[in-house]
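Here's the structure, in structure tokens; my notes come after.
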Amino acid sequence: MKKMAVFAVILALFVALAGCGGKSSDQSSESGDNNKKIIVGTDAAFAPFEYMDKGKIVGFDVDLLDAVMKEADIKYELKNTGWDPLFAALQNGKEVDMGVSGITIDDKRKQTYDFSIPYFESIQMILVKENSPVKNALDLKGKMIGVQNGTTGQAAVEKLFGAENKNIKKFENTVVAIMDLLNGGVEAVVTDNGVANEYVKNNPDKKLKTIEDPTNFQPEFYGFMFPKGSDLKPKIDEALKKVIDSGKYTEIYQKWFGKEPNLDNLLK
Ligand code: ARG
């Protein structure tokens, strides 16, 4: 009997240790009884949608993804791949099965990837120092503008000032773009409103402000992104719809944004 107890303790230790293994930025969910675990990629430098907190990827997208995967009964692992590598991986469809990263559904991307139904409405916003004279997007002409490479922020600025413009500085992620603004490398950062607002709210000491410009920036909608032709898309769409209809989406939205989502805009 004593031997059994010792064995049980050793076994429990083993299980506990195995649970601690692996890269700290990868997260698994044990929900679902399908055996195949799908790999979801993200760029976890985009608070409040996805960011690292005490070694874990957290955020609105992460909570929504978890709710959708539970609803769809699919096991998954969330990986912090970074932004550009995520697009490359989803294009060859080998390392990653799905991208969840505040990704805007746009016509250009639709040529190469499939998207879920929209799950979040967004728009570009300008982030500048508190004492900046900039009032709208056109005031950025001739100023150094920081964007995250390969984002709709970059596209929006290029649309206004031309793709060849030397004043557009492209960064690997949005956090480093904002660092450069603080260091005076760029005079403004153009990024998604949710991210710009979150940064200003969480860092009052940095003395930044946000500027809206609905004349020069158009509404965007986020979707989950898949390799073209992925059979995940219909399953995820169905589950996402259920999560929205059940009120679970509203609950997650309220947790992260402290207000009610506009579901009419989303579902139209
Ligand atoms: N919504 C923008 C886009 O699709 C920016 C998304 C950036 N997301 C991120 N996790 N860095 O281009």
So if I place +1 on the C-beta of Lys and Arg and -1 on the C-beta of Asp and Glu, and nothing else carries charge, what would the dipole magnitude of the stretch 212-268 be about its Cα centre? I want it in debye, nearest 20. 300
Sequence-distant residues sharing a close amide H with ALA44 (under 5 Å, placed H): THR81, GLY82
Assign unit charges at the C-beta atoms only (+1 for Lys and Arg, -1 for Asp and Glu), then state the dipole size of the stretch 38-162 relative to its Cα centre in Debye, rounded to the nearest 20. 500
Among 62-74, 122-134, 185-197, what's the highest-first ranking by average C-beta atoms within 10 angstrom per residue? 185-197, 62-74, 122-134
Of 206-218, 135-147, ordering from highest average Cβ density within 10 Å down gives 135-147, 206-218
Report the residues of the stretch 201-241 in range of a label on LEU182: point 7 Å along Cα→C-beta, backbone N strictly under 17 Å from it. 201-210
Among the listed pairs LYS110/LYS233; LYS56/LYS201; LYS54/LYS206; LYS108/LYS169; LYS70/LYS248; LYS129/LYS209, give every one whose C-alpha distance is greater than 18 Å. LYS56/LYS201; LYS54/LYS206; LYS108/LYS169
Estimated 222 nm signal from helices in the chain, with DSSP H stretches of n ≥ 4 weighted -39500 (n - 2.57), rounded to 500: -11500 deg cm²/dmol
For labels at GLU77 and LYS206 in the simple 7 Å Cα→Cβ model, what's the distance in nm? 3.2
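Given Cβ point charges of +1 (Lys, Arg) and -1 (Asp, Glu) and nothing else, what value in debye, to the nearest 20, does the dipole of the stretch 177-236 about its Cα centre take?
Value, rounded to 20: 240 debye.
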Rounded to the nearest 0.05, what FRET efficiency do LEU266 and LYS141 have when you use their Cβ-Cβ distance and R0 = 41 Å? 0.75
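Each value in this text was obtained by applying a stated rule to the coordinates, not by laboratory testing. What you see is a predicted model; the values in this text were computed from it and never measured. Neighbour counts run over all protein chains shown; Cβ positions are idealised from the backbone, glycine included.
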